[in-house]
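A quick write-up on the structure given underneath.
The values are calculated or read from the model by the stated rules, or taken from the named source; none is laboratory data. Please read these numbers as outputs of a predicted model, since none were measured by experiment. Please note: Cβ atoms are built from the backbone with ideal geometry, for glycine as well, and neighbour counts cover all protein chains shown. These accessible areas exclude ligands, DNA and RNA; they are computed on the full protein's heavy atoms, side chains included. Shrake-Rupley method; radii C 1.70, N 1.55, O 1.52, S 1.80 Å.
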Amino acid sequence: MKTPELKPLLAERMKKLLPNEKDFESFLEILKKPTQNSIRVNTLKISPEELKTRLGKKGWIIKQPYKEYPEIMIVENTIAPGELGRSLEHLLGYYYVQEIASMLPVLVLKPKPHETILDLCAAPGSKTTQIASKMNNTRLIIANDVNLGRRRILATNLERCGISNTIITRKQGFDLCKKLKQQGFLFDKILLDAPCSGEGTLRSSLATYKMWNIKSVKNLSNIQKALLASAIELLKPNGEIVYSTCTHSPEENEEVIDFILKKFDNIKIESIQLPVKCRPGIIKWGNKDYSEDVEKSCRIYPQDNNTEGFFIAKLRRVK
């Protein structure tokens, strides 16, 4: 199927984000290519070594691109369409089909077994199951999603992966945060993988080409600011929150972080280390200037890592 053209305004905005002509051309070229077949080993059920051996016997050629994260795997050879989700190993919950860029926010969050964690927009559960795996299925995760259909998928994925430390809630994010704050319930860490315009998913979602519009970008920016401000109120002292989106739009990324840094004097942004190429956050967009600290956030472009696009920022409550 032929890749659609970007809407003129989206193309214009991407050119501003990628002013180098060759860089922009590389971006357009990678959009024409399918994403890699990537999976994440569910270490609650099987080790990366054991799963690699099992999949190798099926004829799958497995690459582990990051030595420090052996659970991240790429299936290098061509397999039958849909086979990733139909294999016995998938049905048994030995792995989760997940795009590599989608795995990165949890690597930044660095969940620990002794922590209490909130996943505010959790469905369908890719990051929730990843968090639980990093926590060895101990302590507590609250996984929230307002959409009933998506929540059912979340529950199914948690069951398939053998997750037992997670409570599922169904509330608007703002309402849940307000209620938890009233109860004095605080978290060591929070993940807000926010609803967004999805510009980073153009390789895998042709619908994004049609659905994208600037009005949605601006509306989502307001929702994201409110969600992140509500979530920050639930952080323990020295607690951390990771904010991520699968879009390139500065209004939904740096502008949101800039808003938070100016609103809360007890919140600081921290640098990010990841096994992929990260570009710094931008500090100027149109007629708006953002805090220089916003540069510590991470822009992940598909042409840099052969992944989808993502934005990640890590914030800490300092008092």
note = Residue hits (region 69-79; more than 24 Å from the chain's Cα centre (by Cα) and either open to solvent by 50 Å² or more (accessible area, probe 1.4 Å) or closer than 18 Å to Gln130 by Cβ (or both)) are Thr78
request  = Run down Thr35, Thr53, Thr43 and say which single residue is open to solvent by 20 Å² or more (accessible area, probe 1.4 Å) and farther than 22 Å from Ser126 by Cα.
outcome  = Thr53
remark   = Checked Lys57, Lys134 against criteria (out of contact with any Ser or Thr (no Cβ under 6 Å at 6 or more places or on another chain) and closer than 19 Å to Ile241 by Cβ); the one match is Lys134
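Every residue, every condition in (1) within 24 Å of Asp23 (Cβ to Cβ); (2) modelled with pLDDT under 95; (3) open to solvent by 10 Å² or more (accessible area, probe 1.4 Å), yes or no:
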| position | (1), (2), (3) |
| --- | --- |
| His248 | yes, no, no |
| Lys263 | no, no, yes |
| Trp285 | yes, no, yes |
| Lys296 | yes, no, yes |
| Asn305 | yes, no, yes |
Enumeration of residues in region 121-155 that are of a type outside the set (A, V, I, L, M), under 18 Å from Gly93 (Cα atoms) and touching a Gly at 6+ places or on another chain (Cβ under 8 Å) = Asn137
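Regarding region 220-230, can at least one residue be identified that is in contact (Cβ under 8 Å) with a residue 60 or more places away in the chain, crowded, with 18+ Cβ neighbours inside 10 Å and either closer than 22 Å to Phe311 by Cβ or among the charged types (D, E, K, R) (or both)? Spell out how you get there, then give the answer.
Taking region 220-230 as the starting set, the residues that turn out to be in contact (Cβ under 8 Å) with a residue 60 or more places away in the chain are 227.
Still in the list and also crowded, with 18+ Cβ neighbours inside 10 Å: 227.
When the remaining residues are screened for being either closer than 22 Å to Phe311 by Cβ or among the charged types (D, E, K, R) (or both), the result is 227.
Scanning region 220-230, I find at least one residue that is in contact (Cβ under 8 Å) with a residue 60 or more places away in the chain, crowded, with 18+ Cβ neighbours inside 10 Å and either closer than 22 Å to Phe311 by Cβ or among the charged types (D, E, K, R) (or both), so the answer is yes.
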query = Would region 154-167 turn up any residue that is outside any helix (DSSP H, G or I), out of contact with any strand residue (DSSP E or B) (no Cβ under 6 Å at 6 or more places or on another chain) and within 30 Å of Gln303 (Cα to Cα)?
reply = no
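Out of all the residues in region 188-205, which are β-branched (Val, Ile, Thr) and open to solvent by 30 Å² or more (accessible area, probe 1.4 Å)?
Quick first cut of region 188-205, residues β-branched (Val, Ile, Thr) only: 190, 201.
Once the filter is applied, which keeps residues that are β-branched (Val, Ile, Thr) and open to solvent by 30 Å² or more (accessible area, probe 1.4 Å), region 188-205 yields nothing.
So, in region 252-272, how many residues would count as being in contact (Cβ under 8 Å) with a residue 24 or more places away in the chain and more than 17 Å from Leu192 (Cβ to Cβ)? Even if it seems obvious, please write down each step before you answer.
First pass over region 252-272, keeping only residues in contact (Cβ under 8 Å) with a residue 24 or more places away in the chain: 252-264, 266-272.
So of that shortlist, the ones also more than 17 Å from Leu192 (Cβ to Cβ) come out as 262, 266, 271.
So the answer is 3.
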query = Where residues in region 178-208 are within 20 Å of the chain's Cα centre (by Cα), assigned to a helix (DSSP H, G or I) and at pLDDT 95 or above, which of them is farthest from Leu28 (Cα to Cα)?
reply = Thr208
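Would you mind stating whether Ala143 is within 23 Å of Thr43 (Cα to Cα), open to solvent by less than 10 Å² (accessible area, probe 1.4 Å) and assigned to a loop (DSSP other than H, G, I, E, B)?
Numbers: within 23 Å of Thr43 (Cα to Cα): yes; open to solvent by less than 10 Å² (accessible area, probe 1.4 Å): yes; assigned to a loop (DSSP other than H, G, I, E, B): no.
Answer is no for this residue.
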note = The number of residues in region 122-140 that are touching a residue at least 40 places away in the same chain (Cβ under 8 Å), open to solvent by less than 50 Å² (accessible area, probe 1.4 Å) and over 17 Å from the mean Cα position of the chain (by Cα) is 1
